[in-house]
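Written out below as structure tokens is the structure these notes cover.
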Amino acid sequence: MLRSLVRMYISLKIDKAAVLNALLFFSYFALLLWVNNNYLYLLYDYMGASQRGLDGLELVYLMFLALGSSLLCGSSISKPGDIVVVLLFLIVVPHALVLNGANTFYPEASPFSGLSVSVLMGVALISIVNKVKFRPDTGQPNSGVRYLSIVSVINIIVLAFILLKSASFFSLDFSGQYVRRSIARDIFSPGSIEGYIASIGTQAFFPVLFAWGVYKKSKFFFWLGVINVLVLWGAFGQKYPFIVILFVYALMTYFRYNGKVNISWLLFGALGLLIAGCLEFELMGYSYLNDYLIRRVYTVPSTMLGAAELFYDSFGINGYSDTSIGLLSGVSKSESITFRIGEYIYNNPETNANVNFFAVAYLRLGYTAVIVETFIVSVIVMLLNFLYMKRSIFIAMPVALLFGTKIVEQSLPTVLLGSGVSFMLLLLMLMASSSESKGKSRSLD
């Protein structure tokens with residue numbers, strides 16, 4: 001009897017959380033569409049952004065999308081895979097499935113368009129795999145601080161290398177960001193040794209180091225993360241690290257005090273951000289939030305997805321010819337597909353039309369690539385969950401955050417090889433094997 005009552009309570013609690021999150025997701029999607037139509041597209045119409053129709057049929061579609069998002073996303077972040085799934089639903093689903101067609105390149109986009117189906121299929125598969133549970137390990141948590149200390153030394157050396165290479169143009173000035181970005185692209189060109197060192201040695205490390213600093217209140221790791229962001233801004237003119245570090249700080253602070261993060265709080269935060277952008281514009285006549293943050297997170301990628309869809313219709317798949325994988329079939333390596341979109345759709349060969357990994361996979365080999373790459377991401381998610389639950393390796397949490405922030409705007413091969421995620425996964429495996437060896441030695445004693 002008591003067991004039945006407990007099960008009923010848990011079931012009711014889950015149902016209430018699912019209903020609340022479904023309402024919040026619907027509010028989030030509908031408000032985003034309204035904000036885009038009234039504020040955001042005007043800030044990016046010069047690059048092809050436009051309004052998106054909002055009628056009764058669209059509202060019904062958003063209701064079903066919100067309900068599915070709530071059920072697949074879950075109610076809280078309590079393991080690494082939850083972070084990846086939440087980022088997909090907070091960032092990729094809105095710009096790919098809510099703002100699809102909000103551009104002049106492919107206004108006829110629908111939920112049944114190629115890229116939309118790719119995102120829907122991929123997000124659903126990753127979310128379902130993430131629901132696989134492992135029995136928690138009762139052993140002592142493995143902090144891995146020794147390994148992080150080694151990583152921090154490598155990171156400091158790379159920061160010094162970047163500062164030396166960029167000394168002639170390094171600046172924290174806001175107006176010169178695009179000049180710095182152009183110069184840095186020549187010095188740290190993609191595919192070069194300098195480019196790999198700079199990318200892996202900073203972008204793969206600073207979110208993890210900073211997250212550890214916030215969670216453990218370590219001033220060294222905290223300020224090292226901040227210094228990374230300032231160096232990336234001063235040498236490369238990159239703004240996204242500021243967004244990443246703010247998100248990491250909020251997430252890890254909340255996680256430190258509560259042990260988990262309710263999805264509803266993140267949705268309330270997203271709604272508050274959209275409302276704040278509107279209020280800032282109405283009060284000031286201009287919104288920094290809309291122009292430098294909200295536009296970049298939603299409108300820019302949705303517009304680029306429209307350009308990518310048009311590119312696919314015009315040129316078809318490229319069979320991974322822009323990667324080393326294409327060399328296996330004897331095809332000479334072509335220019336990156338995201339830069340080809342910039343050249344042929346935006347008429348600017350220097351435009352890098354970065355889109356989420358589902359879209360890039362679809363551009364390279366259609367649904368086959370989407371399924372294969374989604375399967376790889378799902379395996380990584382399961383691995384992170386296993387290491388966190390069964391090996392008590394907390395570092396898997398910030399690594400999941402690093403992984404999630406990368407796949408929402410880059411191709412999977414780039415994320416795994418060029419952004420250093422593979423290095424961090426190998427580090428986690430090393431920590432796990434070290435922890436297991438210690439456990440066996442204790443049992444023998």
Helices from the chain with mean Kyte-Doolittle at least 0.5 and a Cα length along the axis of 20 Å or more, per DSSP H: which?
2-35, 56-73, 114-130, 145-165, 219-236, 240-258, 263-284, 300-315, 357-390, 421-444
Please compute the per residue accessible area over region 15-81 with all protein chains in place, 1.4 Å probe, rounded to a whole number of Å².
45
Just list whichever of Lys217/Lys406; Lys219/Lys260; Lys16/Lys260; Lys239/Lys260 have alpha carbons separated by over 20 Å in the model shown.
Lys217/Lys406; Lys219/Lys260; Lys239/Lys260
What dipole magnitude, in Debye to the nearest 20, does the chain give about its Cα centre under +1 on Lys/Arg Cβ and -1 on Asp/Glu Cβ?
2080
Could you tell me the relative contact order of the chain? Use alpha-carbon pairs under 8 Å, at least six residues apart, and round to a whole percent.
25
Computed for region 278-417: size of charge dipole around the Cα centre, +1 on C-beta of each Lys and Arg, -1 on C-beta of each Asp and Glu, debye to nearest 20, value 640
Excluding Ala359 itself, what net charge comes from residues whose Cβ is under 15 Å from its Cβ, given Lys and Arg +1 and Asp and Glu -1?
-2
About its Cα centre, how strong a charge dipole does region 216-327 have in debye, to the nearest 20, once Lys and Arg get +1 and Asp and Glu get -1 at the Cβ?
820
Once amide hydrogens are built 1.01 Å from N within the peptide plane, the residues lying 5 or more places from Ser76 or on another chain with amide H under 5 Å from its amide H are Ile263
For Leu148, what is the net charge nearby, where nearby means another residue's Cβ is under 15 Å from its Cβ and Lys, Arg count +1, Asp, Glu -1?
+4
Potential lengthening between Tyr292 and Met121 on full extension [0.36 nm per residue; Cα-Cα distance subtracted]
58.5 nm
Among Met121, Ala18, Tyr320, the residue whose Cα sits farthest towards the positive end of the charge dipole of the chain, when +1 is placed on the Cβ of each Lys and Arg and -1 on the Cβ of each Asp and Glu, is Ala18
Region 289-372: GluC sites (Glu not before Pro) falling in loop per DSSP and having at most 13 other Cβ within 10 Å
Glu335, Glu350
Give the residue from Ile157, Gly53, Leu428 lying farthest towards the positive end of the charge dipole for the chain; charges sit on Cβ (+1 for Lys and Arg, -1 for Asp and Glu) and the dipole is referred to the Cα centre.
Leu428
Formal net charge of residues neighbouring Ala307 (Cβ-Cβ distance under 12 Å; K, R +1; D, E -1):
-2
Output the Cα-based Rg and Dmax of region 193-242 in Å, rounding Rg to one decimal and Dmax to a whole number.
11.0, 34
Starting from the Kirkwood Rh over alpha-carbon pairs, what translational D in µm² s⁻¹ does the chain have by Stokes-Einstein at 20 °C and 1.002 mPa s?
94
Note down the accessible area of Leu416, probe 1.4 Å, to the nearest 10 Å².
30
Considering only protein heavy atoms and a 1.4 Å probe, what is the carbon-and-sulfur percentage of the accessible area of the chain?
67
Longest exposed-site-free window of the chain, the sites being chymotrypsin sites (Phe, Trp or Tyr not before Pro) in a DSSP loop that have at most 14 other C-beta atoms within 10 Å
287-445
Helix-only [θ] at 222 nm, the chain, -39500 (n - 2.57) per DSSP H run of 4+, per residue, nearest 500, equals -21000 deg cm²/dmol
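The values are calculated or read from the model by the stated rules, or taken from the named source; none is laboratory data. Not measured: the values here are computed from a predicted model. Here Cβ is always computed from backbone atoms with ideal geometry, including for glycine, and neighbour counts include all displayed protein chains. We work out accessible area using only protein heavy atoms, side chains counted, and drop any ligands, DNA or RNA first. Shrake-Rupley method; radii C 1.70, N 1.55, O 1.52, S 1.80 Å.
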